[in-house]
Structure formats: structure tokens, C-alpha cells
Amino acid sequence: MGLLKLHKGYQTGWMVRALVFGLRSPLLLAGVAVALAGLPLPAKARETVAQPATATDGLAQASLVEITDVQLAETETGLQIVLETTGELPAPITSTSGDALILEIPNAVLVGEAFEQFGPAEGIAVVQVSAMAGDRVQITITGADAVPTANVTQDAIGLNLSVAPGIAQVGEADEALRIVVTGEEDEGYNPSNASTATRTDTPIRDTPFSIQVVPQQVLEDRNVRTITEAVETVSGVVEDFRYYNSSGNSNRRIRGFSQNITLRDGMRDSNALLPLGVVEQVEVLKGPASVVTGALEPGGVINYVTKKPLDEPFYELGFEIGSYGHYNPSIDLSGPLTADGNVLYRLIASYESRDSYQDFSNSEETLIAPSLSFNIGELTDLNVFYQYNRDFGDPFQSGVPLLSDDSLPPRNLYPSYPDFQEVNFQSHQVGYALTHEFNDNWQVLNNFIFTYTDNTNDEIFYNSLTDDRFLDFGAFSGEFTSYDYVGGVSLVGEFDTGSIAHRFLTGFDFNSRNSDFLFFGNYDPNIIPVLDITDPDYDALTERPELFFDGTSVNDTRSYGLYLQDQIAFSDNLKLLIGGRYDWISDESGFVVPGSDEDLPSQSDEAFSPRVGLVYQPNENLSLYGSYVRSFNTEFGQNPDNEPFEPTRGTQYEVGVRTDFLDDRLSATLAAYNLTKTNVLTPDSDPVRAQQGFSEQVGEQRSRGVELDVTGEILPGWNITAAYALTDTAVTEDNSVPSNEGNRLENVPLHQASLWTTYEIQDGDLQGLGFGLGLFYVGERQGDLANSIQVDDYLRTDAALYYHRNQFNAAINVRNLFDLDYITSINFGGRIYNQRSEPLTIIGSVSWEF
């Protein structure tokens, strides 16, 4: 099978480039897994031969001509292509990209499904005929050795193309054929493939697990700023507690369970700052995912796929300005560095400065992210990247107290002393991905990422609120440094056993973290004046309190995992996935007190995580699936017998249905699941030992629910992504006094729903003008396991106005249109630290691609 590679950028089409190195038979392409039909190319990537006038040039729109059939016949000189039509077609716009000849026909529609045929004639690799937005049809003819040529004529039947193969350049004829797809998928709101669930690029309809993809188009249209904002359109995912830094990153609750792990291109990512500028798309795998990445909570995991270098020149300059002093210049540059295209580059950089709705708050964020791609020999590719992030300033204080009448303090209140607050967060990441093909069916992949993090934080933090009025404080200073190493190697192969097809995967990966957190503090509430939140006097504190060295929190964790997986196709409509992973984890973590020579507590864990899933497809538009999967997560500490705790275990049963509508433009996924987490820590059953702080592993928590996600294009220019989740969580076993059994898990709404839709005018004088509307509902949530605090539901409205014309893009995005004031999540199970919504925020953006 030919290797299909996806390199993505900001553009809205796919640029197809066929690099041919001596194909002996076009049949080698017969197993290519991802169909290329119907994927338009960006205008700037084409070598345009002609640009006839269209309706957008102010001329009258011609009547649409239907293309009713496509006929191919091999001739002595090449290939004859006949498009049967209901009338005379306009003259095509001809262009080339790599070894592909592209003919774009305006004022035409394709009746029925897109057409595609591999190896139709000697010297022709593939022919595709597909519909495009704006009443256009595109014909792509990819040569096996070079760009084909075509003579176009009209007759009574329709359009005739006499195609002749191109002539390869000297030195290219004896190398293996490789199809490389670069640019961005033109799947809009409805991407068809994802890699997170299986570690291989797999059609979503063939995946027996719930996975949702937030594509680049949705990220751009909504102008999201954090990963948490990016997944607001996904069912079953809500914000959990938020980190202190101004980037707004936070934990997420997925199917009821808190998750602080994210993946970068399928590998564990330890960078606390996740700039959206480097993200191509976000994939959310729901349910236990230890088979994919080792130890983690059972609700699911978020993987963000990064932008890669492009093989065609691409340059974008952007600028944003908005509420609360926000401004953000950015660049995105990419293209080949060498004449032969064997070395590609990409440089993404941005600087963001902003104040806040909260008095005194301000922050600066810097991103520099260069990357290179090398074509090493015929069958080997290497991608290398570096990423630098810095977050500096006096960030907003993300937690505010909830008053006794369930109201919140004034929005602009700064709940601390601003002159003594500062965060300086820096991270450096460097990594590579090496791919080598042994042949058409087997390849090996090797990945590695190193992350160095240095974070200093000076903070005056509040401890408690008295009489709904007075905050008292402690002082803290800390420096956190960490060294994280993540790597792995995997082997992917395809083979048949009789009539049964297999895609086999095996691999090994490792994670290592060594971190130190130095604490300096003074927690005497009498050394810092209390702050009256009704009339704050920020000048009452004139100098920083003396701090004392508390000690160092040390963490040294190593994990190793070995995994196997087989995707088995018994037939075109019956597919089985079976796999498992075995993990080994060792950990030395603890708090080192000054003057102490005690060894750090250590423990080791092992766990096996299996999964199995079955997909049945009664027709091309319907997939039914069922799956069973388990996960684990380490539980650090010791029981009263001085024995380490066992890992917690997650177990899930899931069934679902996926279906496509409107000629595959619109897709829906309906899933039902039952997920249980066992070995949860609860207070010791002995009251004396429980009072001493000892725990037992007899707790159990359960989440069961139904989720619906709908994405795609309803009509040309009208896109939608909608979601609904019913998440019923409960504590099913507990030793607490009083018991929490039957209570709901904290920060999890019973009902959650979202709708984001856009419409862009497709033709006429207003072509390119678009509108967007978003509705985001999160139901009532509990603030703690005792269910003693309830947080009200909310319905937030977002809106957007766009203008896209040629390479110019402009937008105005409005978040929280009606300026609602609500709590997004409660931290630490109490009334003191609550995450507050941002008020009405308006961001204007412009960008130019050239």
C-alpha cells in the first residue's frame, strides 16, 4: 500500500503532489486508504493557465449544467475521459500541482457520488471527479511519472478529455511511487479520519470507540484561544479546575472524570501552555485510553495534532485586537527550502499582550515554533520541531469566593495585593518523528519529545473569607523546574490471511519526568492585612512578607509500555479491533524537608489494559459498533499496613451508531456507555485511623450516559457542529462519614449541549461574507462529593462575522454576547476558589495569505 501523508496548513483546500520514482504498475496504488476525490486545491498553489470570467466578476450567472456520468477508456495514446452532461459546460480552468493536472469547471454540479479510479491507463496513476463548493466540479488527473496533458473538446454527449501521460524527468524513472498530500484537508466541519483511537490514520466510521474531531475550520471560525475552549463543541467534555496562569489552560471533565493529561501528535505532552497557533486539529477520544498512552483517568484523553511544513509556498500574516487591551500579531510561513523539495520548513510565531476585566491583571505570551521536514532517500522522512513558550505578567486570579447567598464579588475585584504577584513561565520543547517504509505494506515510526520547563511564581493568596467581606492571606514563592522525556517506536504492517485483511501495530514507548518544586512561604494570617472586598485598600501592604524555605517537592517517575493491536477486516462491512498494553511504572515522589535525610517514598506498579471493539456496516452510510476497554492510573501513597496502593481501574462498555447524511456532507454519532472506576481511595473504615488520615481502596464511582454529536455541511456554505450529552454520575461505594454513596461527582452536569453554526454567502457581490452563532449550555453541577454546594446552569451565546475573499480574511468574534456572569467550575470542592466566566469579549482579526 502506498504511504499517504497529511501535511496541513491554514488553507481550505488540499494540495496534491505526486512524486513518482519509477512506478512499474499503477496497481500499487490500489490499497491507498484515504480517497482523494473531491478535494479542492488552494488557488495560490496552482499554476493558472486561464481565468475566465465568472458570476463573481459581475457577469450574469449561467444555468448550472449537470454532470450525470463519467466514462473512462484506455486509448493508444493514453486515456479518454467523457463527462456526460445535460448541456454545454463552460471552459475549464486548468492548473497543475506536482504531478497532478487539475481542471476546474464553473457553473456545474456532479450528480451522484464523487468518481475515482486508480491506474486507469499506463502512465496515469489516478483520476478523480468531485463536486466543490460554489457550484464547481473538479477533475484531478495524477500522472504516474509526470504531469499529464489533456485536449478538451465538446460534443453532443458532453465534455471529452484526451489525456496523454507526461514524460518523467531524467533520474526519476526508477524510484518507487509515493503520493504526498500537502496543505489542509478540505473536509470543513466533517473530517473523516482520526489517529488518536488506533495510533494509525483510520476512518472514523471504522473505529469502534467514540472519537470526535474539532477541525481547523471550527477552530478558526470560533477563534478559540485554549484547548478547553476548543472542545466546548464536543459532547461530554466540560471544564474542571483551572490553573493559575493566564493562559487559561485547565483540567477537563470527560465523561465525568477529571483529566489533566493531553497528547501532542499522539504522545504525552507535559507542556502546561498549549498555544492554539501550532494546532491543526483537536481529537477527543472518550472512555478509558490507557491502551493509547498508559496511566491516566478513565474518562478519555485529548490529542492535538500540530501543523507540519508544506511543500508549496505559504505565507500568512495576522493581527488581532480586542477587549481589555488584547493585541496579537502572528506569522505562519512555510514552503520548500531546497529546489528539489526534499527539505521543507514552517515557522509559526506570535506575541500576545492583554489586560483583564479584573483590575491590575496583565500578561504577555510569546510563541516561537519552527519545524523542518526532510525527505531522506526514497522511503524515509524526518520531521523535527522546536517550540518556545513564555507566559509572563501579573495574571488574573482565577479563583473567587462564592458568597453565602450564592452571589459573586464585583467582577473587577482583584482578590489579592497586585504589587506582589508575578508569574514567569517558560518552556522549551524539541522533538522529531522519523518514518521509514520497508515496502508498500510495512513501515516503522520513531518519535521523541524533550520538554524543559522553568516556572517561577510569587503570590499573595487568600485563605478564607469572613462575613462575606474580609479575605485573609498567606504568602508564597516557588520555582518549578522539570525535565520530561517521551519517546517510542512502533511497527505498522498490512497483510492478508486468506480473505481476511489485517492492519497490525506493535510498539514500545517510555515516559520520564524529573521535577523539583522549591517552596518558600509564610502562612501566618496576621502578617498580611485583611482585604475588605467591598472597599479594597491595595496600598495596605507596603512590602513583601518575609518568606521561609519550606522544602522541595521532588518527583522522579518512569514508565514503560508495550502494546499490540490488530485491526481485522473480515469483509468490507465487518471489522474487529483487538489490542492490549502492558505498563511498568516506578515512582519516587515526596516532600523533602530542610535538614531531613530520609529517603523518598517509592513504589512500582504494573498493569495490563485490554480492549476489543466490533464494527458492522450494513451500508455505506451506517456503522454500528460495540466495545469493551479497560484503563488504569497510579494511586500514590500507602495504606496503614505500609503497602503501596493498587492502581485505580477504569472499565467501560459502549455501543454506538454513526451515520452520514446529505451525500456524506453531514455525519452523526450516537453513543451509550457505562463506565466504572474502582480502587478509589476512601477514608479508612477504622475511625481512629481515618482521623489520622489513612485511606482504603474500597471506593467506586460510576458514569453512564448518552452522547450525540452532529457535524458537517447542511447546504453549500452552511456548516454546523452540534452536541448533546446526558452524563449520569454517582458514587457507588464509599466509606466516608456521612457516606457519599448515591451522590453525583463534582463539576459534572447531568445535561450539556452546544450548537455552533456558520453560513457564508457563496456567490454574488457579497460572496465571502459569513455569519456565526454559538449556543453553549452547561447544566447544574455539584461542587463537592458531599453534594453540599450546587452551581447554577448557564446558557452562553457567542457570535461571529466574517469576510473571506481570495487571500484576505477578516473576522469579528464575540464571546458571551449577553454578558452573563456565571461559574464555570469549582476548585478543590469548596466555596472559596471558583472559576468565573469572562464577560462580553470582542476580538477583531485580519490576516493575509500570499
### Query
Using 7 Å Cα-to-Cβ label points, what is the Asp454/Ser739 separation (nm, one decimal)?
5.4
## Note on the structure
Taking the dipole of the chain about the Cα centre (Lys, Arg +1; Asp, Glu -1; charges at Cβ), the one of Leu344, Thr729, Ala272 that reaches farthest to the positive side is Leu344
### Query
Under a 5 Å amide H to amide H cut-off, with H placed in plane at 1.01 Å, what residues pair with Arg252 once short-range neighbours are removed?
Asp240, Gln259
#### Entry: Projected label distance in nm at Asp566 and Ile376, using a 7 Å step from Cα toward the beta-carbon
3.2
### Query
Dipole of the chain, Cα-centred, from +1 at each Lys and Arg C-beta and -1 at each Asp and Glu C-beta, to the nearest 20 debye?
1360
### Query
Rounded to the nearest 500, what is the chain's calculated 222 nm mean residue ellipticity when only DSSP H runs of at least 4 contribute -39500 (n - 2.57) each, over all residues?
-500 deg cm²/dmol
### Query
Can you run phi through the Karplus equation (6.51, -1.76, 1.60; θ = phi - 60°) for the stretch 102-108 and list ³J(HN,Hα) in whole Hz, with x for Gly and Pro?
10, 10, 10, 10, x, 6, 9
### Query
Out of every Cα-Cα pair in the stretch 805-850, what percent are more than 18 Å apart?
53
### Task
Report, as a whole number in µm² per second, the diffusion coefficient that Stokes-Einstein gives for the stretch 184-227 at 4 °C and 1.567 mPa s using the Kirkwood radius over alpha carbon pairs.
113
### Task
Could you list the chymotrypsin sites (Phe, Trp or Tyr not before Pro) in the stretch 659-700 that lie in coil according to DSSP, counting only those with at most 10 other Cβ atoms within 10 Å of their Cβ?
none
### Task
Take every Cα-Cα distance within the stretch 499-541, group them into 5 Å bins from 0 onward, and report for each bin the whole-number percent of pairs it holds.
5, 11, 10, 9, 8, 7, 6, 6, 6, 5, 5, 6, 6, 4, 4, 2, 0
### Task
Once you have the Cα-Cα distance between Asn806 and Asn639, take 0.36 nm times their residue separation minus that, and quote the gain in nm to one decimal.
53.6 nm
### Message
To the nearest 20 Debye, how big is the dipole of the stretch 488-622 about its Cα centre, given +1 on the beta carbon of each Lys and Arg and -1 on that of each Asp and Glu?
### Response
1120
### Query
Which trypsin sites (Lys or Arg not before Pro) does the stretch 465-520 hold that lie in a coil by DSSP with at most 14 other beta carbons within 10 Å?
Arg469
### Alpha-carbon gyration tensor eigenvalues x 5, square-rooted, for the stretch 393-507, Å
54, 21, 10
### Task
Kindly count the pairs of lysines across the chain whose alpha carbons are less than 23 Å apart, treating pairs on different chains or eight or more residues apart as eligible.
10
### Query
Around Ser356, which amide H atoms from residues at least 5 apart in sequence, or from another chain, sit under 5 Å from its own amide H, with H modelled in the peptide plane?
Ser361
### Query
Taking only protein heavy atoms and a 1.4 Å probe, what accessible area per residue, in Å², does the chain have with all protein chains in place?
41
### Query
Counting alpha carbon pairs within less than 8 Å and at least 6 residues apart, what relative contact order, in whole percent, applies to the chain?
10
### Task
Note down the magnitude of the dipole of the stretch 274-397 about its Cα centre, charges +1 on Lys and Arg C-beta and -1 on Asp and Glu C-beta and zero elsewhere, to the nearest 20 debye.
220
### Query
What ³J(HN,Hα) values, in whole Hz, does the Karplus curve 6.51 cos²θ - 1.76 cosθ + 1.60 give for the stretch 79-95 when θ = phi - 60°, with x put for Gly and Pro?
8, 10, 10, 10, 9, 7, 9, 8, x, 7, 7, x, 5, x, 8, 9, 8
### Task
Work out from phi, with θ = phi - 60° and the Karplus expression 6.51 cos²θ - 1.76 cosθ + 1.60, the ³J(HN,Hα) of each residue of the stretch 388-401, listed in order in whole Hz, and give x for Gly and Pro.
10, 10, 9, 10, 9, x, 10, x, 4, 7, 6, x, 10, x
### Task
Any chance you could list P(r) for the chain, counting all Cα-Cα pairs in 10 angstrom bins from zero, rounded to whole %?
2, 12, 21, 25, 20, 11, 6, 3, 1, 0
### Task
Between the alpha-carbon centers of the stretch 670-704 and the stretch 421-450, tell me the distance in whole angstrom.
37
## Note on the structure
Under 5 Å from the placed amide H of Gln281, counting only residues 5+ away or on other chains, we find Val305
### Message
What is the distance in Å between the Cα centroid of the stretch 739-798 and that of the stretch 104-164?
### Response
44
### Summary
Full extension between Glu76 and Asn439 adds, at 0.36 nm per residue less the Cα distance, a length in nm of 127.5 nm
#### Entry: Ser162-Ala672 FRET efficiency (beta carbon distance; Förster radius 41 Å; 0.05 resolution)
0.15
### Message
Run the simple label-point estimate for Ser464 and Phe771 please: 7 Å along Cα→C-beta, distance reported in nm.
### Response
5.4
### Asp819-Val111 FRET efficiency (beta carbon distance; Förster radius 51 Å; 0.05 resolution)
0.55
### Task
Identify, among Leu219, Leu564, Ala690, the residue whose Cα sits farthest towards the positive end of the charge dipole of the chain, taking +1 on the Cβ of Lys and Arg and -1 on the Cβ of Asp and Glu, with the dipole about the Cα centre.
Leu564
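Over the Cα atoms of the stretch 487-611, compute the convex hull volume and normalise it per residue, giving Å³.
216
The values are calculated or read from the model by the stated rules, or taken from the named source; none is laboratory data. This one's a predicted model, so the numbers in the text were calculated from it and none came from an experiment. No Cβ is skipped: glycine too gets one built from the backbone with ideal geometry, and neighbour counts run over all protein chains shown. Ligands, DNA and RNA are stripped out before the accessible areas are found, and what is left, the full protein with its side chains, is counted by its heavy atoms. Shrake-Rupley method; radii C 1.70, N 1.55, O 1.52, S 1.80 Å.
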